[in-house]
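Shown next, in structure tokens, is the structure this report addresses.
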Amino acid sequence: MAAEEEEAAAPPQKRFYRQRAHSNPLADHTLSYPSRPQDMDWAALFPSFFPPDAAPGTAPARVEFVDVGCGYGGLLVALAERFPQTLAVGLELRGKVAAFTRARIRALRAARPGAYGNVACVRANAMKHLPHFFRRAQLSKLFLLFPDPHFKRTKHKWRIVSPAMLAEYGYVLRPGGLVYTVTDVPELHQWMLRHFGEHPLFEALPPAQLAAEPLLPLLPSVTEEGQRARRAGRAPNSAVFRRRPDPPAAAP
Amino acid sequence: ENPTKQLLFSIVKAPGCSSAVILGLFFPCSDESLFVYDCSSAEKQPLGEKGQDGKGTDKGSDDILAFAFSPSGDYFALTDDNKRLILFRTKPSWECVSVRFVNRRCTSLVITAAEDKIFVADKSGDVYSYSITEPQADGKLELGHVSLLLDVALSADDRYILTADRDEKIRVSLTKAPYSIVSYCMGHREFVSKILVIPNCPDLLLSASGDSTLRLWEYKSGEEVHCCQLSTICGPQATKPDQKFTVSRITYCCQGGYVAILCDSIPTVYIFQLDATARQLVYKEQISLKHKGWDIAFEEMGDLWILQEDKEAPLLLYRACDGQWKAVTDDKGLQKMSKYIQDNWTVFEGEKFGLKV
């Protein structure tokens, strides 16, 4: 980690981090991930939030925002600026893209000491690893911005929104927590609306609250993917869903 | 002891066979009949039915992939490589109740304590429920993992459904609301091969994994309470230096809290005892087999049945005497079942078997 920091205080250049856009989330990539949430060393990613001289008994800082498929880190940078006291983690499956984003955050931290210490990127497979990294009801916001549409029917099970994944999002999100989705693919937008709509743990945010949601206008354009869509003239479709309260434990 | 109690015992031919046979033995009925069911005789899914993607259905074999009794023993269900789910009633006598078809090949199944549903876990990571009260009704999707499921279990009161997958995870969900995950039991470092809720310690879950450990969990909170490194405990007798202890079978007996396990490629049955107060597993002894062990099963009274690949003694019966496990040879049921297997050895030879009591 130290050697990396020394060599790369300059902003990374994309041409050194080329990677194929689609990655198979069901494959066994060689990724490192903690066995359990309590085994994860978050202090290494957010050193400024884990001071060695913290008073004993103070609760350790916990990640609250997760960008699933953070790509080149556009949202993370925006979250760092808007919520400087909240820890946000971006999960990215593609090795080189994750490396780019880590380098980008490193460069930002070096250029502005004291800033961007609350965001980090981890190379991880969100479809398999959420319960490894996060405890039950830990998160307050989850972002699914421009997920890979995996158009072919045989690849639908690679989609980041599915009944199986919704149960996991429901697990890591606290009741009242929010999921933000944005896509420029109308069929995928309908797919996400339908899946979240059908899932008993989620409800779509009513229009009044949607209008008042401060992050929403930002989301379509803050990422690389969003900017690419805008340049191509493809309209973004956004949605926000709230994690409902837990069902009462069923009586036997 | 209830004198009219039936001892239900079946030997089921498991993966690797071209035809499948179930044997059931009941006693102390006067008519000590063996129930034999040849799965290859059951109806097959009509050919020509296309799968979801327009491809033809692939041809499977009649190998039985998973099977289970209901907790009372009144029902028995199995699923095979031809994607059949066959339900049997065992009282007043064994009969086939229904043959249904599942979407994907299954790896494990469990019947509710209420005996109203069968939960089947499949290779695509999904769990479907099939009604027993309506034995012809279609399956209903209950929950899904992203990766292949290796085992499924229920808490004793049917309130929780537990699923174990190849990506190290054990998930605990509400049976009536399976989209609601109550907890994960995280800690295994390899695929989780077997899970078992301890019937007389209903908050405890026992799990086995490719990481050569047996773990005890308080599953509602996901907290691991004990981890047994099999390589340390059973290791000294191991043949290879880095021997893996991948548990392929676990059986539990409430009488005495005994746990018996079989590991892949190791001809030994290891016996542990659960100390429920301390929530620990204590290693007791091992039973060396001269031949490969196929399966093990405890019966309620505490006797341990072992099925092994040996024509001379395919079935072994062990009983605990003063805490030591000793072989029993004069049991009528044992002799009768052994004789049947020996008489039909050519059918059984070279194949893998399963045992359920």
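Brief remarks on what is shown
- Region B:164-225: C-alpha gyration tensor shape, a/c 1.5 cut-off, then a/b vs b/c: oblate
- Amide H to amide H, with H built 1.01 Å from N, B:A66 comes under 5 Å of B:T79, counting only residues 5 or more places away or on other chains.
- Look at the alpha carbon pairs under 8 Å that are at least 6 residues apart: their mean separation over the length of chain A gives a relative contact order of 20 percent.
- Note on B:Q324/B:Q229: beta-carbon distance plugged into 1/(1 + (r/R0)^6) with R0 of 35 Å gives a FRET efficiency of 0.90.
- Within the listed set A:R153, A:R36, A:R242, the residue fluctuating most in the Gaussian network model of chain A (springs between alpha-carbon atoms under 10 angstrom) is A:R153.
- Karplus-derived 3J(HN,Hα), 6.51/-1.76/1.60, for each residue of region B:309-323, Hz, glycine and proline x: 7, 8, 5, 5, 9, x, 10, 10, 10, 10, 9, 7, 10, 6, x
- Shape class for region B:209-332, computed from the alpha carbon gyration tensor (a ≥ b ≥ c): oblate, with a/c not under 1.5 and a/b at or below b/c.
- Proximity of backbone amide H atoms, modeled 1.01 Å from N, is registered between B:A113 and B:D158 at under 5 Å, excluding neighbours fewer than 5 places apart on the same chain.
- Comparing mean-square fluctuations of A:T58, A:T101, A:T183 from a GNM of chain A with C-alpha springs under 10 Å, the top value falls on A:T58.
- Neighbours of B:N200, meaning other residues whose beta-carbon lies under 14 angstrom from its beta-carbon, give a summed charge of -3 when Lys and Arg score +1 and Asp and Glu score -1.
- Taking A:F241, A:F16, A:F134 as the candidate residues, the one with maximal mean-square fluctuation in a Gaussian network model of chain A, Cα springs under 10 Å, is A:F16.
- Within-12-Å neighbourhood charge of A:T101 [Cβ basis; K, R +1; D, E -1]: +4
- For the pair A:L216 and A:A10, label points projected 7 Å from Cα toward Cβ lie 4.3 nm apart.
- For region A:2-243, the equivalent ellipsoid built from the Cα gyration tensor has semi-axes of 27, 22, 18 Å, listed from largest to smallest.
- Among the trypsin sites (Lys or Arg not before Pro) in region A:163-231, none is located in a DSSP loop while being surrounded by at most 11 other Cβ atoms within 10 Å of its own Cβ.
- For region A:170-217, a/c is not less than 1.5, where a ≥ b ≥ c are the root eigenvalues of the C-alpha gyration tensor, and a/b does not top b/c. That puts it in the oblate class.
- From helices alone, chain A scores -9000 deg cm²/dmol at 222 nm; the rule is -39500 (n - 2.57) for each run of n ≥ 4 DSSP H residues, then divide by the residue total.
- Electrostatic tally near B:L281: other residues with Cβ closer than 12 Å to its Cβ, Lys and Arg +1, Asp and Glu -1, net +2.
- Inter-label distance, A:R18 to B:K336: 7.5 nm, where each label sits 7 Å from its Cα along the C-beta direction.
FYI, it's all coordinate maths here, none of it is from the lab. Since the structure is predicted, the reported quantities are computational estimates derived from the model, not experimental observations. Cβ coordinates were reconstructed from backbone atoms using ideal geometry, including for glycine residues, and neighbour counts include every protein chain displayed.
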